Amino acid sequence: MGRKLVETKRRIFHLILGLFMVFLLDQHIIGVYHLVAVTLIGFALSFLHRKRKIGIIEWILRHFGRKTEEDFPGKGAFFLLVGIILAVSLFPEDIALASIVILSIGDSISPLIGTRFGKIKHPLSRDKVLDASAAGFFLAFMVATLFVSPLEAFIASFLSMMIESVDYVKGRRIEDNVTIPFIAGLSILVLRIFILT
């Protein structure tokens, strides 16, 4: 299976899973303890899969996994859940949901558009394109306004997409599934405390 096709399917899965988590959390069907339990189960299955291949996990990884994650199968989904847990644990519900929306949409739409339609080289990344980041920002901002004010959604989406565009710091890859919801939530919280009060 081609690398681009796998990456496209991976991003679509990321988008659907993230928005599904937003729905479940918004409807109070699940909470942080459920998320922690699922994450721990996923981590255990990843560990077991490295020792002995598990059929369904092997199929999932073949369709959605990256070659660079063979030492940690399911790494992307694991850190997506960690980012969601972080947002739910640290921030009020409306901020947490907006942060997860920004993570789910901004981090998925930007590369999906970039691989096909992006034209303008991003000044902060060797792999990404500016027009795709702008599209990710705009869509994340629009949906985030369902949970927070337009100003809060704008600032959080803008800062988060700036973070999303930076691949490495001091030679180490940034795990944007964790940094995006943290930066989004923190920026809204700071805005409320110091500016909007």
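The values are calculated or read from the model by the stated rules, or taken from the named source; none is laboratory data. A quick note: this is a predicted structure, and the numbers were derived from the prediction, not measured. Neighbour counts are summed over all protein chains in view; Cβ atoms, including those assigned to glycine, are modelled from backbone coordinates with ideal geometry.
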Handout entry: Some residue of the range 22-34 being small (G, A, S) and either at pLDDT below 70 or crowded, with 17+ Cβ neighbours inside 10 Å (or both)
Key = no
Exercise for the section: Evaluate the range 128-145: report whether one residue or more is among the hydrophobic types (A, V, I, L, M, F, W, C), modelled with pLDDT under 90 and closer than 28 Å to T39 by Cβ. Expected result: yes
Completion exercise
The condition from (1) surrounded by 21 or more Cβ atoms within 10 Å (Cβ to Cβ); (2) at pLDDT 90 or above; (3) more than 18 Å from V22 (Cβ to Cβ) that S165 misses is numbered (2)
Practice task
Please find, within the range 60-110, the residue that is surrounded by the most Cβ atoms within 10 Å (Cβ to Cβ) out of those that are modelled with pLDDT of 95 or more and among the polar types (S, T, N, Q).
Solution key: S99
Completion exercise
Cβ pairs under 9 Å, 6+ apart or interchain, first in the range 171-186 and surrounded by 24 or more Cβ atoms within 10 Å (Cβ to Cβ) and assigned to a helix (DSSP H, G or I), second at pLDDT 90 or above and polar (S, T, N, Q), ordered by first then second residue, are I180/S99; P181/S99; A184/S99; A184/S157; G185/S99
